[in-house]
Amino acid sequence: MSKAGNPNWGKPDVNTVPVLTSFEMKVNELQLAPDEYLGSEELRKWSAAHKSTRYVPEPLLKAWGLCSEFLD
């Protein structure tokens, strides 16, 4: 008799592909290192335009003064 349940429960799925966020794709497109994010005018403009619909790290939004009262 076979055991009930998923024999792979708790094991990592070897078939998953990492998915990049829109922010990560933009950073890759601009070829920026993490220490260059804050100084990038193009990344700041993209983040300002997409902050409501895309993931942008909150520390960057705060540093650029782009946080709304809902994020505080």
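Each principal axis of the Cα atoms in the range 22-64 has its own extent, and those three values, largest first, are 23, 19, 14 angstrom. For the chain, GluC sites (Glu not before Pro) meeting the loop criterion (DSSP other than H, G, I, E, B) and having at most 12 other Cβ atoms within 10 Å: Glu69. Restricting the chain to chymotrypsin sites (Phe, Trp or Tyr not before Pro) that sit in a DSSP loop and have at most 10 other Cβ atoms within 10 Å of their own Cβ leaves Trp9, Phe70. Run down the lysines and flag those whose C-alpha is under 27 Å from the C-alpha of Lys3, throwing out any fewer than 8 positions away in its chain. Candidates past the 8-residue exclusion: Lys11. Counting other Cβ atoms within 10 Å as a rough exposure proxy, the listed residues Ser52, Ser47, Ser2 run Ser2, Ser52, Ser47 from fewest neighbours to most. Straight-line cross-link reach from Lys26 at under 16 Å between alpha-carbon atoms covers these lysines, not counting any fewer than eight positions away in the same chain: Lys45, Lys51. Share of pairwise Cα-Cα distances greater than 20 Å in the chain is 46 percent (whole percent). Under the combined filter of DSSP loop state and at most 14 neighbouring Cβ atoms within 10 Å, the chain retains these trypsin sites (Lys or Arg not before Pro): Lys3, Arg54. Angle of helix 41-50 to the longest C-alpha principal axis of the chain, folded into 0 to 90 degrees and rounded to 10: 60°. Compared with the alpha-carbon gap, the fully stretched path from Asn8 to Leu66 is longer by 16.5 nm at 0.36 nm per residue. When the chain is described by a simple charge dipole with +1 on each Lys and Arg Cβ and -1 on each Asp and Glu Cβ, the residue from Ala49, Leu66, Pro7 located farthest towards its positive end is Pro7. Computed from the C-beta positions of Ala48 and Val19, the FRET efficiency with R₀ = 35 Å rounds to 0.90.
Every number here is computed from the coordinates shown, using simple stated rules; none is lab data. What you are looking at is a predicted structure, and each value in this text was computed from that prediction instead of being measured. Note: ideal-geometry Cβ built from the backbone for every residue, glycine included; neighbour counts use all protein chains shown.
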